[in-house]
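Read through the structure below, which is laid out as structure tokens, and then see the notes.
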Amino acid sequence: MNQLKTEVLVVGGGTGGTAAAIQSARSGVQTVLVSEFPWLGGMLTTAGVTAPDGNELAAWQTGLWGAFLQELRQRQPGGLDHAWVSFFTYEPRISAAIFADWVKQLPNLIWIQGQTPQEVIQKGDRITGVRFQDWTIEAKITIDGTELGDLLALAEVPYRWGWEWRSDYQEPSAPIEPDEITEKYAVQAPTWVFVMQDFGEGSIAPEILVPPQYQPDRFIGTWTGYGAEMFLNYGRLPKNRFMLNFPQQGNDYGIGVERLVGTMSDRQAFLQEAFFHAQGYAHFLQAELGGRYGLATDTFPEPTPKSTMLGGKAFALHPYYRESRRLLGLTTIREQDILPIAGGRVAALPINPSGQVESIALGSYANDHHYPGYDFPLQPKSIRWGGRWTGTPFTIPYRALIPVRTEGLLVCEKNISVSHIANGATRLQPVVLGIGQAAGMAAALSIQQNCQPQELPVRLLQEALLQDPIAPAAVIPLFNVPPDHPHWLSWQRYFLEHPGEYGIEGVIEEDAAKREKNAQNRDSRDKGNAVHPLNPKIQSPKPESQTFVGIFQRSGEQDYQLQCVSPEAVGGECFQLVTLHHQVDRWLHQCGRSQKVCVRGQLNRSGRWILVEEIESLDA
């Protein structure tokens, strides 16, 4: 048995665990990261969900999430805007290489692969290490970054699994009592993602095998309401490939999902069924779409001879888990905490018992739940912005990462302290990257301050995140102050100190009187002018951007189109106009109908939109 001592141990190389380990090591402490799989990144890589949801607006592309997107844009040939489910789709190998490269740059970060936790070592209420198959690692701070919260169970740390009722947290969408859905699905259904490829007209792809107990009736009607082409473009990747993570009669699988937290043989039985379900879906799609469509078998690593992986090649290495065991923490994120303030566009900032804002990560996606065969109504948290739907921004409180009693432990995945209902919004990839970054920073600061995570002042953690020299991370969601704004840091600090002025819109007001009032409360008067002028130009248009000229049309509130007259390739066609930039959103909002405009941006034929980076009027 190999032995190691370290300051911070991160167990699990998923989205949150990878972020936590990188941030901990970048902050200067000795860190060990132990992963089950040969790739790091979890949802963003090994689970194959290479179409991230949420935090898409330019103002929320901060921290490791923003750095990850910047790296993808540099490395992914052809850019990222290919599908209609997300503005960012990419090849899994490229994202895995990004995380591997970040880890290699850190001499104080040791990465051990192919290991899973077997036992948690404790002294009283303090966790002091973890035993794996071939390693025993002692650590001052341990971070649970496992996909299913396995350390919580091994250490007997109190956790939740499954549904809460409305009487527990008064959540408006929670069921009052058990019903057909809650009886069938203990948690949201996972999905075993796979990637298909169009090999071209006249080509015949290798036949996809029929799995045992194949039930094609499960998949009939999968693209009803969409059509085959739009269905495939849902998760279109570069090189005529398609990520299949489709909820309608698709590869979601939740039958007996409670087995994931049973014995290891129970878990393996569920995983085998989920894999066969996905394989059956792939076979069904090939039969329906035609032989030119087959599996993209060079997408993921192949299983090694000693590996127990079921996936690989065209199938993700493991399912996309939407829910896990959830910590019983010092605070619990409820549905009310992610919904918009009455009459507003943002959720309330979380305040701890000392009256401090305790937000340490951002989220914005809609509350999205998956129960195959059922519709589950939820309170809306979507808004129209930038010509499209986006989500109400909310924040993650630091105390949701900290156990009630156990010392020496933080969590950083879908295992945070959150209700089953609110988990539908906190589980998304950008949010979990942010949670992981905050957990890694908190662990490093706890080492440096010689304190336990629950003793760490949240303001110290927030300041470290805001001033990180490599990937500074926002802790306050503001629509109109992106990270490249000269006063971004001062406005983040301002609302940490004056949460009562955060308002209901999540923007810095441009009214002169309000700017004057803000200026008086700040270090200097010029800091109050913290909004871009009405100038819809972005400093760095993407290399793949094009120029379009046409007639601007408005069909309704936040619903814009461009009737193109040039270039010749799209002349006469009409495309939706969407943007991720606040100043362009303002221009679109004010633009007059039938105005001739010049637009610079990226054309996405899957979504039939132009992602606008610059726009100007051509009318005299």
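The values are calculated or read from the model by the stated rules, or taken from the named source; none is laboratory data. Since we're looking at a predicted model, the values are computed, not measured. Cβ coordinates were reconstructed from backbone atoms using ideal geometry, including for glycine residues, and neighbour counts include every protein chain displayed. Ligands, DNA and RNA are stripped out before the accessible areas are found, and what is left, the full protein with its side chains, is counted by its heavy atoms. Shrake-Rupley method; radii C 1.70, N 1.55, O 1.52, S 1.80 Å.
For the range 607-620, a residue qualifies if it is part of a strand (DSSP E or B) and not polar (S, T, N, Q), and the qualifying residues are W609, I610, L611, V612, E613, E614, I615, E616. If you go through the range 581-591 and keep only what is out of contact with any Pro (no Cβ under 9 Å at 6 or more places or on another chain) and open to solvent by 30 Å² or more (accessible area, probe 1.4 Å), you end up with H589, Q590.
Restricting attention to the range 8-35, the residues that are crowded, with 24+ Cβ neighbours inside 10 Å and over 13 Å from the mean Cα position of the chain (by Cα) total 19. Considering E568, E573, the condition of being acidic (D, E), without any contact (Cβ under 8 Å) to a residue 60 or more places away in the chain and surrounded by 14 or more Cβ atoms within 10 Å (Cβ to Cβ) is satisfied by E573 alone. For the range 113-141, what are the residues that are over 17 Å from G17 (Cβ atoms), in contact (Cβ under 8 Å) with a residue 60 or more places away in the chain and either out of contact with any strand residue (DSSP E or B) (no Cβ under 8 Å at 6 or more places or on another chain) or not in a strand (DSSP E or B) (or both)? Passing the criteria: D125, D134. Among the residues making up the range 132-145, a single one is open to solvent by 10 Å² or more (accessible area, probe 1.4 Å) and among the β-branched types (V, I, T): T136. Among strands (runs of 3 or more DSSP E) entirely within the range 383-466, having at least 3 residues that are modelled with pLDDT of 95 or more and either under 14 Å from the mean Cα position of the chain (by Cα) or not aliphatic (A, V, I, L, M) (or both) singles out 394-397.
Each residue in the range 68-99 was checked for being open to solvent by 20 Å² or more (accessible area, probe 1.4 Å) and part of a helix (DSSP H, G or I), and 8 pass.
Across the range 157-182, the number of residues qualifying as under 19 Å from E258 (Cα atoms), in contact (Cβ under 8 Å) with a residue 60 or more places away in the chain and not in a helix (DSSP H, G or I) comes to 8.
Scanning the range 215-250 for residues that are touching a residue at least 24 places away in the same chain (Cβ under 8 Å) and small (G, A, S) returns G221, A228, G235, G250.
Evaluating I351 against the criteria (1) open to solvent by 10 Å² or more (accessible area, probe 1.4 Å); (2) of a type in the set (A, V, I, L, M, F, W, C); (3) modelled with pLDDT of 95 or more; (4) under 14 Å from the mean Cα position of the chain (by Cα) leaves one unmet condition, (4). For the range 196-228, the set of residues classified as within 21 Å of G48 (Cα to Cα) and open to solvent by 60 Å² or more (accessible area, probe 1.4 Å) consists of F199, L209, listed by residue number. Inspection of the range 370-389 finds a residue satisfying the criterion of being basic (K, R), under 30 Å from L577 (Cα atoms) and touching a Pro at 6+ places or on another chain (Cβ under 9 Å). Residue pairs whose Cβ atoms lie under 9 Å apart, sitting 6 or more positions apart in sequence or on different chains, and linking a residue in the range 254-275 that is of a type in the set (F, W, Y) to a partner that is open to solvent by 30 Å² or more (accessible area, probe 1.4 Å), are F270/I255; F270/E258; F270/R259; F270/G262; F275/L310. Checked against (1) at negative phi; (2) touching a Lys or Arg at 6+ places or on another chain (Cβ under 7 Å); (3) open to solvent by less than 10 Å² (accessible area, probe 1.4 Å), G149 meets all criteria but (1). Just one of (1) within 16 Å of Q61 (Cβ to Cβ); (2) surrounded by fewer than 21 Cβ atoms within 10 Å (Cβ to Cβ) fails for G500. It is (1). What do you reckon, is L317 in a loop (DSSP other than H, G, I, E, B) and open to solvent by 20 Å² or more (accessible area, probe 1.4 Å)? Judged against the criteria, L317 is not a match.
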